[in-house]
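As structure tokens, the structure follows; a few thoughts come after it.
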Amino acid sequence: MAAEKGVKVLGMWASPMVIRVEWALRLKGVEYEYVDEDLANKSADLLRYNPVTKKVPVLVHDGRPIAESTIIVEYIDEAWKGGHPIMPADPYERAQARFWARYAEDKCNPALYPIFSTTGEAQRKAAHEAQQCLKTLETALEGKKFFGGDAVGYVDIIVGWYAHWLPVVEEVCGVSVVTDEELPLLKAWFGRLLAVDVLKAALPDRDRLLAANKARREQVLSA
């Protein structure tokens, strides 16, 4: 049997982790097949390609699977060296990019979820704590157009989902986290990032995302 050729992404339309992979591929100009997974009824392909965590995203390149979004983004940059560079060329700058990406994964992302899963005083406290994490992240934007400098880079791809998903979460939860007053650099970066056509084209429909998050929040709060 001939080996499978080409590039395939196993994803889920509302997942901010999946958008990282699609953005990296689009920036590189790589054509790919997208397969939307029903995570309540996982496909045989997903279970075969990612038997360890059984999660999306999974990138399948010429029949060989790679899992975990941050790892996939680095793989894409290495596998398709031409076109838009994702990781900095300088070793020190690469290390800094990985540091800020890890900070967002380990500190900011966990700080954001309680906003979605709480109400009242607990939610206000969660919003404040998330804001403090984002203020630290924002320092990496000082004097720059993007985290990657003059062009979208690794950190922009890893944390870029904030620009589309966080305003939806704010609307669903009735809170304000990223404001011009508290996080002016991050708020301005939201606008610049979403103005990049190749990134904007991959985003899920906002109304659909809003409806899905409203339903999910109701489910979480009633549990």
**Q.** Subset of the stretch 55-69 (residues that are more than 19 Å from the chain's Cα centre (by Cα) and among the charged types (D, E, K, R))
**A.** Asp62, Arg64
Q.
Can you find, within the stretch 151-177, the residue that is farthest from Arg206 (Cα to Cα) among those that are of a type in the set (Val, Ile, Thr) and either part of a loop (DSSP other than H, G, I, E, B) or touching a Cys at 6+ places or on another chain (Cβ under 7 Å) (or both)?
A. Val152
Q.
Given the options Ala122, Ala126, name the one that is surrounded by 20 or more Cβ atoms within 10 Å (Cβ to Cβ), farther than 26 Å from Lys200 by Cα and either in contact with an Asp or Glu (Cβ under 9 Å, 6 or more places away or on another chain) or assigned by TED's automatic domain parsing to the domain that holds Val172 (or both).
A. Ala126
Q: Determine the pairs where a residue that is in contact (Cβ under 8 Å) with a residue 24 or more places away in the chain and more than 17 Å from Trp161 (Cβ to Cβ), located within the stretch 83-109, has a partner that is surrounded by 12 or more Cβ atoms within 10 Å (Cβ to Cβ) and small (Gly, Ala, Ser) with Cβ atoms under 7 Å apart, the partner being 6 or more residues away or on another chain.
A: Met87/Ala97; Pro88/Ala97; Pro88/Gly153
Q. How many of the residues making up the stretch 106-146 are closer than 17 Å to Val168 by Cα and of a type in the set (Val, Ile, Thr)?
A. 3
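Any idea which residue in the stretch 178-195 is surrounded by the most Cβ atoms within 10 Å (Cβ to Cβ), counting only those that are out of contact with any Asp or Glu (no Cβ under 9 Å at 6 or more places or on another chain) and outside any helix (DSSP H, G or I)?
Looking only at the stretch 178-195, we keep the residues that are out of contact with any Asp or Glu (no Cβ under 9 Å at 6 or more places or on another chain), and these are 179-182, 190-192, 194-195.
Checking the rest, the ones that are also outside any helix (DSSP H, G or I) come to 179-182, 195.
Numbers: Thr179: 12, Asp180: 9, Glu181: 7, Glu182: 16, Ala195: 9.
Across the stretch 178-195, the extreme among qualifying residues is Glu182.
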Q | Odd one out for Ala223, checked against (1) touching a Cys at 6+ places or on another chain (Cβ under 7 Å); (2) modelled with pLDDT under 95; (3) of a type in the set (A, V, I, L, M) | A | (1)
(Q) Six or more apart or on different chains, Cβ atoms under 6 Å: show the pairs whose first residue is in the stretch 56-75 and surrounded by fewer than 18 Cβ atoms within 10 Å (Cβ to Cβ) and whose second is at pLDDT 95 or above. (A) Pro65/Tyr49; Pro65/Val58; Tyr75/Ile66
Q: Answer with yes or no whether Val198 is assigned to a loop (DSSP other than H, G, I, E, B), at pLDDT 95 or above and more than 14 Å from the chain's Cα centre (by Cα).
A: no
(Q) It is to be established whether one or more residues within the stretch 166-177 are surrounded by fewer than 16 Cβ atoms within 10 Å (Cβ to Cβ), at negative phi and at pLDDT 95 or above. (A) yes
Q: Would you tally the residues in the stretch 106-142 being more than 19 Å from Lys214 (Cβ to Cβ) and either in contact with a strand residue (DSSP E or B) (Cβ under 7 Å, 6 or more places away or on another chain) or not in a loop (DSSP other than H, G, I, E, B) (or both)?
A: 24
Q.
Condition check: modelled with pLDDT under 95, under 28 Å from Gly153 (Cα atoms), more than 20 Å from the chain's Cα centre (by Cα) and surrounded by fewer than 13 Cβ atoms within 10 Å (Cβ to Cβ). Does Gly83 satisfy that?
A. yes
Q. Just a yes or no: is a residue in the stretch 57-72 basic (Lys, Arg), touching a helix residue (DSSP H, G or I) at 6+ places or on another chain (Cβ under 8 Å) and at pLDDT 95 or above?
A. no
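The values are calculated or read from the model by the stated rules, or taken from the named source; none is laboratory data. Just so it is clear, the model here is predicted, and its values are computed rather than measured. Positions of Cβ are generated from backbone atoms using ideal geometry, with glycine treated the same way; all protein chains shown enter the neighbour counts.
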